[in-house]
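First the structure, in the form of structure tokens, and then the observations on it.
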Amino acid sequence: MRFAVITQIEHYKAGGKYYSYTPYIKEMNLWFNLVDEVCIVAPFNSGIPTEIDSDYNINEIEFKQVSAINLTSFFQVVRALIKLPGILITIYSAMSKADHIHLRCPGNMGLLGAFVQILFPRKRKTAKYAGNWDPKATQPGSYRLQKWILSNTTLTKNMQVLVYGDWLHQTENIKPFFTASYSEADKYDIPLRKYDLPLRFLFVGSLVSGKQPQYAINLIEELILKGFPSELHFYGDGILKKSLEGNINNENLKGALYFHGNQKPEDVQEAYQKSHFLILPSKSEGWPKVVAEAMWWGTIPIVTPISCVPYMLGESKRGVLISTDLKSDLDKLIPVLKNKEALKSMAVEASKWSRPYTLDRFNNEIEKLL
């Protein structure tokens, strides 16, 4: 089987191998283990891979480089229009030679792939929509367009669309799905936490406005002022890092903030095991992998109720749902922090929920799709 992947995710090359963002690579390696030939259409970066990148586990990859495009300015729109014919031809060429077409959405490349796949109604196809599929969510127009095309069984034939969450009134090609980070072999006992002070909080992800890392800092500051000595450890990098580090000079946060930057998965795993809570006050997610990973190790998530997060947390049975209103969130969080036995129970329930979603099960589901 020849398997063609259309993706927005940037790739690098080093030592004759292609690298990209580790969670994506880890998942795609499972798909690639089940096919004979692989063609990837994606943007390419001439730089070197970073700590958060990994390589594919196969050497024979046909990589078709395309220009990354965005529509955030007039200049970028003009540039995209110039590059568009070449990108569409490259996508068409990859799809025409493929036995199975796989789109990675949302993203501009996924959108273009969604249009081009219309020309191949008889080919088997899958699309992984890694964003928020909630029909009521407020999203950019390009995301809504992708969701409309993928849901339209007249335009999108012979395709299974993998989405996070089980939503009402969906077309027959929409399949609730999940993602995974750990295998059956990783089911070690969760750490037995006493929830003594200081409380250790963890933020894992890009330091960008959409993740609202400053709100996490504000919440920790208020908890400290209300008599809950706390630490907040950041794992990740981004354009907000420098401004966030300015909070270190805040007298209320002295010795409370730690910025570790991008780290390898095993280092992040160790951070989960050492921490009491994960904070993710994000504006938009699909299936937030860091939440599922934290829950695996009994790290209690404190998260905004976006996408399928309320389902993951059992409507606050396995974590705390926050609104990013400080007063409201503190009123909800403080009684929880005072009840150590309830916290221990919540950690156990979080781990119980997360651990069925293994890489082994994920691999079995991919086999069925292929």
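Read-outs throughout are calculated quantities, based only on the coordinates presented, and are distinct from any laboratory measurement. Note that the structure is predicted; figures quoted are calculated from it, not measured. Cβ sites come from the backbone with ideal geometry, for glycine too, and all protein chains shown count toward neighbours.
Given a Förster distance of 30 Å, report the FRET efficiency between residue 148 and residue 93 from their Cβ-Cβ distance, rounded to the nearest 0.05.
For residue 148 and residue 93, the calculated efficiency is 0.70.
How are the Cα pair distances of the chain distributed, in percent, across 10 Å bins from 0?
Cα pair-distance distribution for the chain, in percent: 5, 22, 31, 25, 13, 4, 0.
Output the peptides 177-184, 327-334 sorted from most to least packed, where packing is the average of other Cβ atoms within 10 Å over each peptide's residues.
177-184, 327-334
Where the only charges are on Cβ atoms (+1 Lys, Arg; -1 Asp, Glu), what is the dipole of the stretch 121-206 about its Cα centre, to the nearest 20 debye?
That gives a dipole near 500 debye.
Gain in length, residue 262 to residue 283, computed as 0.36 nm per residue apart minus the alpha-carbon separation, to one decimal in nm?
5.4 nm
Provide the packing ranking of 43-51, 345-353, 108-116, i.e. peptides ordered by the mean count of other C-beta atoms within 10 Å per residue, highest first.
Top to bottom by mean Cβ count within 10 Å: 108-116, 345-353, 43-51.
At 7 Å along the Cα-to-beta-carbon direction for both residue 188 and residue 317, put a label point, then send me their distance in nm to one decimal.
The answer from the label model is 2.9 nm.
Taking the chain as the reference, fit the longest principal axis to its C-alpha atoms, fit the long axis of helix 141-151 to the helix C-alpha atoms, and give the angle between the two in degrees, 0 to 90, nearest 10.
Roughly 60 degrees, rounded to the nearest 10.
Can you figure out the FRET efficiency of residue 251 with residue 325, using R₀ = 25 Å and their beta-carbon distance, to the nearest 0.05?
0.55
Between residue 369 and residue 72, what is the label-to-label distance in nm when each label sits 7 Å out along the Cα-to-Cβ direction?
Between residue 369 and residue 72, the label points sit 2.8 nm apart.
So which of 187/283; 332/352; 264/317; 194/317; 26/344; 283/327 end up more than 26 Å apart by C-alpha?
Violating the 26 Å Cα-Cα cut-off are 187/283; 264/317; 26/344.
Three principal axis extents, largest first, for the C-alpha atoms of the stretch 214-370, in Å?
Result, largest extent first: 55, 34, 26 Å.
Defining a contact as two alpha carbons under 8 Å apart and six or more residues distant in sequence, what relative contact order in percent does the stretch 1-54 show?
55 percent
Rounded to the nearest 500, what is the chain's calculated 222 nm mean residue ellipticity when only DSSP H runs of at least 4 contribute -39500 (n - 2.57) each, over all residues?
-11000 deg cm²/dmol
Roughly how many debye, to the nearest 20, is the charge dipole of the chain about its Cα centre, given +1 on each Lys and Arg Cβ, -1 on each Asp and Glu Cβ, and no other charges?
820 debye
Where a ≥ b ≥ c are the square roots of the eigenvalues of the C-alpha gyration tensor, would you call the stretch 1-154 rounded, which needs a/c under 1.5, or, failing that, prolate if a/b is larger than b/c, or oblate?
rounded
With unit charges on the beta carbon (Lys/Arg positive, Asp/Glu negative), name the residue among 101, 191, 56 whose Cα is farthest towards the positive pole of the charge dipole of the chain.
101
Give, as a single signed number, the net charge of other residues whose beta carbon lies under 15 Å from the beta carbon of residue 367, with Lys and Arg counted +1 and Asp and Glu -1.
Around residue 367, the charge tally is 0.
How big is the antiparallel share of DSSP beta bridges in the chain, given as a percent to the nearest 5?
10 percent
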